[in-house]
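To start, the structure under review is shown below, and the notes come after it.
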Amino acid sequence: MDRIRIRGGAPLNGTIPISGAKNAALPLMIASLLTEETLELGNVPRLADISSLLRILSNFGVDHMIAGRRPGETSETGQTIRLTARSVIDTCAPYELVSTMRASFWVIAPLVARLGEARVSMPGGCAIGTRPVDLLIMALEKLGAEIEIDGGYVVAKAPKGLTGATIEFPKVTVGGTHVALMAATLAKGTTVIKNAAREPEVVDLADCLIKMGAKIRGAGESEIVVEGVERLHGASHDVLPDRIETGTYAMAVAMTGGDVTLENTRPELLAFALDVLKQAGAEITSTDNSIRVRRNGNGIKAVDMTTDPFPGFPTDLQAQFMALMTKASGTSRIRETIFENRFMHVQELARLGAKIRLDGDSAYVEGVPTLKGAPVMATDLRASVSLVIAGLAAEGETTINRVYHLDRGFEALEAKLVRCGAEIERIKG
Ligand code: EPZ
């Protein structure tokens, strides 16, 4: 298994191009199942999760074509993928496939909406918590699907098609909103989604569905209205920039010091997190499509933070922010309100010398003047990258095991950091 070795201490200086968002690309790819015509997606990041989903979609009979490189494109420029679900030959997503990536459960929505049936394995728990799918099932039931749980599979049937309804989510769920949106596009009549997730990835999905002929109003607000249509058609859409990757590099610069411009991104996608970073002592200036992060001389200040659904502070940046706070002056309280078990990075940060006390949904991080490199291991994607950030700011050498977590969600991580002066390398084997 590959490892990453970091020799910490160097400030980061330069520019980092931001990739397309993994968490937008996945539902967009799944939306290709809604039409027999071709959906062309641009700015798709080269990530293990994207390849896994392509394999899952191929299993249903979806053809895909990855466009070759064009002049001026580099290996860090996102790829263009054309997906065509002309005839879906299988409506079953087995455990072996769904268990590799939870988001693949979302295929249930387009399958039942377009073909009237789907059999999708329950995804099971994962490192950050139990992560149930009850609200996704509730949404499909409201739209008239008959749901049965059979041998670990969710079997959804709607032989006469789905019917528009009001779906009110008792808590904000990104996956639930994606599922409700996709299913409602082909339902008869009007669907109102209440307490919908307002995440930019939901807006990106809605924008693409609208290009495919869907009638959707209000994406990005907590009430979304969908007028069902008989069929959707092909379209071409570019995946929005990755706000989590953007925030991750911003935190890395805040922690190591230096001056980095993050390009091809949009500051409004992470306004809350950037504000918290400013409070912590980073200097941030933005244009429409770039963010410059600087920290020269001044130390990092402790800031309290609570994760919340968008537009609040994203749970997917909590671990990275905690890494930053390990070197702050003072103690910060970090509250995790989205997932109940998303503190697996705490013990590993402690191996680098961080002082963190856990109490229920909160971590109290008492800043220390220096971290010291050590071998560490991570259990999920965002936790792994928090260890990279901490390793970049630690004295000496840090080795990170289980690098495959990073490959799921950060395109060209080492290359992007090396270009800014980091000493980071992958050790094969
Ligand atoms: C998406 O997961 C993201 N995944 C996650 O990113 C992200 O952390 C999460 O949204 C929150 O922003 C993708 O987009 C692929 P939820 P999702 O449904 O949709 C509870 C990463 O690192 N809930 O918004 O699965 C759930 O347990 C990943 O890239 C139910 O109770 O998250 C959680 O407490 C990790 N019942 C809360 O809602 C349900 O049926 C929010 O989860 C569904 C969810």
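If you take every DSSP beta bridge whose two residues both sit in the range 22-238, what share of them, in percent to the nearest 5, is antiparallel? Intermediate results must be reported in sequence, preceding the final value.
Working: 28 of 39 bridges.
Here the antiparallel bridges make up roughly 70 percent for the range 22-238.
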query: Once fully extended, how much extra length lies between V229 and N59, figured as 0.36 nm per residue of separation less the alpha-carbon to alpha-carbon distance?
result: 58.5 nm
- prompt: Let a ≥ b ≥ c be the square roots of the eigenvalues of the Cα gyration tensor of the range 94-201; is it rounded (a/c under 1.5), or, if not, prolate (a/b larger than b/c) or oblate?
  reply: oblate
message: Rounded, prolate or oblate for the range 22-238? Axes are the square roots of the Cα gyration tensor eigenvalues, ordered a ≥ b ≥ c, and the cut-off for rounded is a/c under 1.5.
response: rounded
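Dipole of the range 22-238, Cα-centred, from +1 at each Lys and Arg C-beta and -1 at each Asp and Glu C-beta, to the nearest 20 debye? Can you show the working numbers first?
Details: 22 positive and 25 negative charges, 20 e Å.
My answer is approximately 100 debye.
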task: List the GluC sites (Glu not before Pro) within the range 1-110 that fall in a DSSP loop (any state other than H, G, I, E or B) and whose Cβ has at most 13 other Cβ atoms within 10 Å.
output: E73
task: For the chain, divide the Cα radius of gyration by the Kirkwood radius and give the resulting Rg/Rh value with two decimals.
output: 0.98
- prompt: Do any GluC sites (Glu not before Pro) in the range 170-234 lie in a DSSP loop with no more than 13 other beta carbon atoms within 10 Å, and if so, which?
  reply: E230
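Rounded to the nearest 5, what % of the DSSP beta bridges within the chain are antiparallel ones? Walk me through the numbers before you get to the answer.
Working: 58 of 83 bridges.
Antiparallel: roughly 70 percent of the beta bridges in the chain.
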- prompt: So for the chain, taking the charge dipole from beta-carbon charges (+1 Lys/Arg, -1 Asp/Glu), which of S104, G176, Q318 sits furthest toward the positive end?
  reply: Q318
- prompt: Alpha carbon centre of the range 284-320 versus the range 128-173: separation in Å?
  reply: 35 Å
message: Compute the angle between helix 22-31 and the longest alpha-carbon principal axis of the chain, please, reported from 0 to 90 degrees and rounded to the nearest 10.
response: 10 degrees
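Within 10 Å of each residue's Cβ, count the other Cβ atoms and sort R3, R86 from fewest upward.
Values: R3 16, R86 12.
In increasing order of surrounding Cβ atoms, one gets R86, R3.
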query: So who's got an amide H within less than 5 Å of the one on G281, skipping anything under 5 residues away but keeping other chains? H placed 1.01 Å off N, in plane.
result: K301
query: Is there a pair in K22/K211; K157/K211; K301/K355; K22/K372; K142/K194 whose C-alpha atoms are over 23 Å apart, and which pairs would that be?
result: K157/K211; K22/K372
task: Could you check the simple spin-label distance between R217 and D304, using points 7 Å along Cα→Cβ, in nm with one decimal?
output: 4.1 nm
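Given 0.36 nm per residue, what is the gain on full extension from K278 to Q347 after removing their alpha carbon distance, in nm? Could you put the intermediate results ahead of the total?
On the way: separation 69, 0.36 × 69 = 24.84 nm, distance 2.70 nm.
So the extension gain works out to 22.1 nm.
Could you tell me which trypsin sites (Lys or Arg not before Pro) in the range 286-376 are loop residues by DSSP with no more than 16 other beta carbons within 10 angstrom of their beta carbon?
Details: sites: R292, R294, R295, K301, K327, R333, R335, R342, R351, K355, R357, K372; in loops: K327, R342.
Taking the range 286-376 and a limit of 16 other Cβ atoms within 10 Å, no loop trypsin sites (Lys or Arg not before Pro) are found.
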- prompt: For the residues D316, D238, what sequence is obtained by ranking on other C-beta atoms within 10 Å, fewest first?
  reply: D238, D316
message: With just the Cα atoms defining each centre, how far is the range 14-90 from the range 199-226? Give it in Å.
response: 19 Å
task: Could you please rank T399, T166, placing first whichever residue has the fewest other Cβ atoms within 10 Å of its Cβ?
output: T166, T399
field: Dipole moment magnitude, nearest 20 debye, the chain about Cα centre, only Lys, Arg, Asp, Glu C-beta charged
entry: 600 debye
message: At 7 Å along Cα-to-Cβ for each site, give me the label-to-label distance between S87 and S99 in nm.
response: 3.3 nm
- prompt: Expressed as an acute angle from 0 to 90° and rounded to the nearest 10, what is the orientation of the C-alpha long axis of helix 200-211 relative to the principal long axis of the chain?
  reply: 30 degrees
field: Calculated FRET efficiency for the pair R357/R70, C-beta based, R₀ 35 Å, to 0.05
entry: 0.10
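None of the figures in this text is laboratory data; all of them are computed from the coordinates on show. Fair warning: this is a prediction, and the values are worked out from it, not measured in the lab. Every residue, glycine as well, gets a Cβ built from its backbone with ideal geometry; the counts of neighbours run over all protein chains shown.
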